1. Given the structure, is residue 146 crowded, with 19+ Cβ neighbours inside 10 Å and either on the phi > 0 side of the Ramachandran plot or assigned by TED's automatic domain parsing to the domain that holds residue 41 (or both)?
2. Are any of the residues in the range 114-122 within 17 Å of the chain's Cα centre (by Cα) and either under 14 Å from residue 60 (Cα atoms) or in a helix (DSSP H, G or I) (or both)?
3. For the range 242-253, name all the residues that are touching a helix residue (DSSP H, G or I) at 6+ places or on another chain (Cβ under 9 Å) and either surrounded by fewer than 24 Cβ atoms within 10 Å (Cβ to Cβ) or under 26 Å from residue 24 (Cβ atoms) (or both).
4. Consider the range 300-317. How many of its residues are touching a helix residue (DSSP H, G or I) at 6+ places or on another chain (Cβ under 7 Å) and crowded, with 19+ Cβ neighbours inside 10 Å?
5. Quick check on residue 239: is it touching a strand residue (DSSP E or B) at 6+ places or on another chain (Cβ under 7 Å), surrounded by fewer than 21 Cβ atoms within 10 Å (Cβ to Cβ) and under 25 Å from residue 24 (Cα atoms)?
6. From the list 73, 68, 97, 128, which one is modelled with pLDDT of 95 or more and either more than 23 Å from residue 313 (Cα to Cα) or out of contact with any helix residue (DSSP H, G or I) (no Cβ under 9 Å at 6 or more places or on another chain) (or both)?
7. Just need a number here: residues in the range 1-33 that are touching a helix residue (DSSP H, G or I) at 6+ places or on another chain (Cβ under 7 Å) and modelled with pLDDT of 95 or more.
8. Mind listing whichever residues of the range 208-233 are assigned to a helix (DSSP H, G or I) and modelled with pLDDT under 95?
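The values are calculated or read from the model by the stated rules, or taken from the named source; none is laboratory data. Since the structure is predicted, the reported quantities are computational estimates derived from the model, not experimental observations. All Cβ positions, glycine included, derive from the backbone under ideal geometry; neighbour counts span all protein chains shown.
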């Protein structure tokens with residue numbers, strides 16, 4: 001099994017680097033799940049691996065908090081070693097990601113997990129306001145000496161390799177020099193997110209694949225490409241356009257954890273709609289529908305309730321706790337199209353209470369809601385039997401992308417910002433690099449979100465923005481955290 005070539009948890013295994021590490025330890029992964037705060041937890045990593053993920057990152061961990069003895073509860077929540085599941089045989093290969101601005105604190109934290117992972121990653125890409133306040137992520141981008149010391153300290157002192165994930169600058173030249181500095185510091189894999197620090201939220205726009213290609217051509221270590229992955233077909237387009245060794249997915253994986261699984265080539269038939277990979281819901285003209293399906297839908301799109309049930313089963317089966325609020329966040333994303341139709345169940349899921357003393361109460365209620373939703377999706381699917389799957393696809397007007405039947409998992413996208421905004425700079429170069437790029441970015445609040453939920457969000461941070469911050473952790477209470485998690489359709493930045 002990749003990641004377990006040497007004795008598990010042994011600090012004496014041979015430390016490889018670059019492509020030797022990528023091939024011999026990680027197993028040459030091409031499909032990678034991004035580090036996502038509150039969302040790439042153990043249970044989700046297991047589900048993602050089941051559906052084709054070959055390498056997975058933990059959620060970002062705050063190195064300062066993890067290094068402090070008084071933060072033992074935070075340690076157990078961030079990376080639980082008590083039950084032997086995180087970093088165990090079913091959780092490899094695995095890279096643990098930290099945010100930090102102090103090399104010594106980072107080293108203390110990294111040493112605590114190096115026996116349970118295959119590498120330690122330094123987050124240099126988080127663009128959220130909390131990263132600005134905490135002085136980490138992309139807000140270290142202009143402090144190259146500090147970044148060099150963070151990476152080099154781990155490179156010289158850990159028994160496992162160090163890697164880095166970063167965002168691009170506004171120019172290719174500075175982006176390339178930055179990447180070369182990270183390599184000199186000792187990073188053995190570079191993940192390049194093709195968006196700038198300013199491209200976030202509703203200004204996300206397109207990732208610039210040409211900058212990723214420039215990085216790939218300038219360094220000698222493996223490069224992972226991150227950005228613009230909505231459908232399975234985007235993976236090969238990205239690899240071709242960037243020359244990267246692997247593609248990392250964040251939001252695409254959250255809305256469809258089977259995004260890495262290929263499906264049989266689409267053939268228009270007059271048979272019944274499939275619940276696995278064939279779309280079904282809302283007419284487009286026949287030839288246009290077949291064209292869209294053959295171009296974009298080369299991957300699996302299982303029934304949303306099927307994946308939700310599988311995820312809940314994993315959560316219940318493992319000893320390592322999963323925060324019910326994190327579970328709710330996943331359910332809202334997986335079930336988003338279906339809950340848009342079944343608004344009563346959407347409201348029930350949003351109002352499901354979490355008992356701090358008994359997580360099973362919330363999990364049981366979640367399961368009941370998913371079971372009822374599954375019955376309704378079976379009803380809707382049966383109603384389409386005998387129809388050509390290609391006749392059931394809808395084309396989203398602003399983007400030209402296919403919208404699948406509401407019982408199937410699918411990406412959530414919104415139109416690009418105005419053409420003259422910073423978020424769309426580089427659009428032409430991206431489109432020249434690939435035959436047809438996704439012309440959309442993920443939304444943060446789904447259409448139809450109850451006004452009360454939108455009010456809850458007003459002025460508050462999204463799930464990813466609520467990364468632990470040394471200065472603010474003690475000020476947040478669990479009630480507010482849970483309330484934020486109830487809003488459907490929140491999309492995470494992939495940092």
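1. Details: crowded, with 19+ Cβ neighbours inside 10 Å: no; either on the phi > 0 side of the Ramachandran plot or assigned by TED's automatic domain parsing to the domain that holds residue 41 (or both): yes.
No: the conditions fail for residue 146.
2. Taking the range 114-122 as the starting set, the residues that turn out to be within 17 Å of the chain's Cα centre (by Cα) are 121-122.
From the residues that got through so far, the ones that are either under 14 Å from residue 60 (Cα atoms) or in a helix (DSSP H, G or I) (or both) too are 121-122.
Yes, the range 114-122 contains at least one residue that is within 17 Å of the chain's Cα centre (by Cα) and either under 14 Å from residue 60 (Cα atoms) or in a helix (DSSP H, G or I) (or both).
3. Residues satisfying the conditions are 242, 243, 244, 245, 246, 247, 249, 253.
4. Just the residues of the range 300-317 that are touching a helix residue (DSSP H, G or I) at 6+ places or on another chain (Cβ under 7 Å), to begin with: 303-305, 307-312, 314-316.
From what's left, crowded, with 19+ Cβ neighbours inside 10 Å: 303-305, 307-308, 311-312, 315.
So the count comes out to 8.
5. Numbers: touching a strand residue (DSSP E or B) at 6+ places or on another chain (Cβ under 7 Å): yes; surrounded by fewer than 21 Cβ atoms within 10 Å (Cβ to Cβ): yes; under 25 Å from residue 24 (Cα atoms): yes.
Yes, satisfied.
6. Numbers: 73 fails: modelled with pLDDT of 95 or more; 68 fails: modelled with pLDDT of 95 or more; 128 fails: modelled with pLDDT of 95 or more.
Going through 73, 68, 97, 128 in turn, the sole match is 97.
7. 3
8. Initial filter on the range 208-233 (assigned to a helix (DSSP H, G or I)): 209-218, 233.
The one that is assigned to a helix (DSSP H, G or I) and modelled with pLDDT under 95: 233.
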